[in-house]
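Before any comments, here is the structure.
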Amino acid sequence: MDTNKRTRQKVVKVFSCFNEGTVGVQSEIEISITPGIPTFEVIGLCGSVIRESRGRIYAAMISSGYEVPKGHIVVSISPAYLHKSGSSFDLPIAIGLLMASGQLPEFAGKRIYAQGELSLTGFINGTPGAAARLMSMSNNKSDYDMVIIPSGEANAASIANLEGYPLENLRQIRDLCDGLIPRQKFDAQIIEDDEADDLDFSCVKGQEKAMRALVIAACGYHSILLLGSPGCGKTTAGNVIRGLLPPLTYDEMAELYTIKEAAGISKDDGSSLCLSSVRPLRRIYPGMTPSRILGSARNMSPGELVLADHGIVLADEICDFPNYLLDCLRLPLEEHMVRMQKDGKDFNMPARFLFVGAGNPCRCGMYYENGSKCNCSPLVRKKYINKIAGPFADRIDLFAEMRSISSKDMYNITNSGKENLSSVYREMVARVWDVQKERYKDLKGARFNGLMDGSNMDLIRASSEVVKYAADLAEKSGFSARGYTKLLRVGRTIADMNEEKDVTCSVVAEAAAYRYR
């Protein structure tokens, strides 16, 4: 027997991508087939889902009318030093096997990108995180001759601005070789904001301070804490703030879609996601785990704070949160991202949310009510409210107390009819947002007064007299250095609402009124 024939080796390359959190990492798949005892080996720090792909791939190839290659098969997925997981490697491995065994001669010499999971019948399924992978690949899309994806990932491809070949099953690979499947440009399906079921801002009538604070928070993306008696409308106030915010831009929709896909979220009917202009509103509660709020470093899956990117986080009954959960919120409130560490690597997930907290001022909740209705002792009251004191409270921009409203206000709320205060205030919020975007256009990541860090305070346009007034006010009130900068940032937002170019002492004084509890 010819020795050269016995030891001949056939190696092909196919390209794909895998997820690390909310981003994709490009990978190169090398497939080698050599004569010998039939084996199937996957190398390159691959998870069990990838190592189990042999059964799915062989069954799909047989169901689709292809021959299973015989011999010693080695699949190497690089970079070999990074842990990889997920079933999206099924399709590229199957294509590589067909190329290496000579069943797809038309693909010889072509650089092919593919992703997708195979069923036993050959159907190609989409997988979570497709948008992140395709967006990562789109930066080098000119390097590939063909991009093959599942037909269910058309929205993900449209976000990445890709052209490619969507396939429903493995049998269509043959049709693709014969030129029967055209290359497609994908268009995203966008759902307008009719999905949102927000209450109108008129529901907060009778709570003048809270209404003003909510509008300031919406205009400047400032965190806000509402404290008041049970039933006074704290949760309602937290819910109506989404109606004050303009719809998501296309870039924000695309980024949020990528995050949801990475989290494996689908629509209620099980179908794939669509781009939605509705800003997310995520609720967190005292009984949640840190991994639910921040995300899981083990699986690199985003939590509630990341899912609320470009939206709102509503923390109800915040005084009942255990200390370790409040500590989890501190850094995301300051840095507007969630930091994770896995395998010695640091990962940052975006979390630019508007924080709205709601809770009672004491154990019985009646401390702010007129007529001395509170039954708590000073010690019990202090112990209860101190749960949100210190480092966490220092990261809140606005505080507003709420009380039970009068019967007249109850009547006005009930008979407000089709009054739409939210749309009126939304126009003002949109105007103020445009002013801030122009002001911070040269800064990376900072588009709002509430998201700006202390290194760019010169942009708020405050005279030395105003700065001195704010510093003296902060010192007399016992505010920290962080509280001092918040005075100026909230004052800048109020000045923007008043269409004033410079921050004045009067707007700083109003900002200070929302720093006291």
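The values are calculated or read from the model by the stated rules, or taken from the named source; none is laboratory data. Fair warning: this is a prediction, and the values are worked out from it, not measured in the lab. FYI the Cβ positions are ideal-geometry reconstructions off the backbone, even for glycines, and counts take in every protein chain you see. All accessible areas refer to the heavy atoms of the entire protein, side chains included, with ligands and DNA or RNA removed. Shrake-Rupley method; radii C 1.70, N 1.55, O 1.52, S 1.80 Å.
Couple of notes before you dig in:
- Every pair of residues 6+ apart whose Cβ atoms lie under 7 Å, when the first sits in the stretch 383-403 and is open to solvent by less than 40 Å² (accessible area, probe 1.4 Å) while the second is basic (Lys, Arg) and in a loop (DSSP other than H, G, I, E, B): Tyr384/Arg363; Phe399/Arg515; Phe399/Arg517
- One residue from Arg298, Arg282, Arg292 being in contact (Cβ under 8 Å) with a residue 60 or more places away in the chain, among the charged types (D, E, K, R) and open to solvent by 20 Å² or more (accessible area, probe 1.4 Å): Arg282
- Hits in the stretch 435-452 (condition: surrounded by 14 or more Cβ atoms within 10 Å (Cβ to Cβ) and part of a loop (DSSP other than H, G, I, E, B)): Tyr440, Leu443, Ala446, Arg447, Phe448, Met452
Conditions tested, residue by residue: (1) more than 27 Å from Leu176 (Cα to Cα); (2) out of contact with any strand residue (DSSP E or B) (no Cβ under 7 Å at 6 or more places or on another chain).
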| site | (1), (2) |
| --- | --- |
| Val14 | no, no |
| Cys17 | no, no |
| Glu20 | yes, no |
| Glu28 | no, no |
| Ile33 | no, no |
| Pro38 | yes, yes |
| Leu45 | yes, no |
| Gly55 | no, yes |
| Met61 | no, yes |
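- Residue check for Ile77: surrounded by 22 or more Cβ atoms within 10 Å (Cβ to Cβ) and under 26 Å from Met146 (Cα atoms): yes
- Residue satisfying condition, being β-branched (Val, Ile, Thr) and at pLDDT below 85, within set Ile460, Ile413: Ile413
- Looking across the stretch 20-39, the residues that are open to solvent by 20 Å² or more (accessible area, probe 1.4 Å), of a type outside the set (Val, Ile, Thr) and either at pLDDT 90 or above or farther than 29 Å from Ala130 by Cα (or both) come down to Gln26, Glu28, Glu30, Pro35, Gly36, Pro38.
- Residue tally, condition outside any loop (DSSP other than H, G, I, E, B) and among the small types (Gly, Ala, Ser), over the stretch 57-71: 3
- Val215 passes every criterion in (1) surrounded by 16 or more Cβ atoms within 10 Å (Cβ to Cβ); (2) at pLDDT 85 or above; (3) out of contact with any strand residue (DSSP E or B) (no Cβ under 9 Å at 6 or more places or on another chain); (4) over 25 Å from Ala430 (Cβ atoms) apart from (4).
- Of the residues making up the stretch 10-56, just one is basic (Lys, Arg), out of contact with any Asp or Glu (no Cβ under 6 Å at 6 or more places or on another chain) and part of a strand (DSSP E or B), namely Lys10.
- Those residues of the stretch 453-503 which are among the acidic types (Asp, Glu) and open to solvent by 40 Å² or more (accessible area, probe 1.4 Å), in sequence order: Asp453, Asp458, Glu465, Asp472, Glu475, Glu499, Glu500, Asp502
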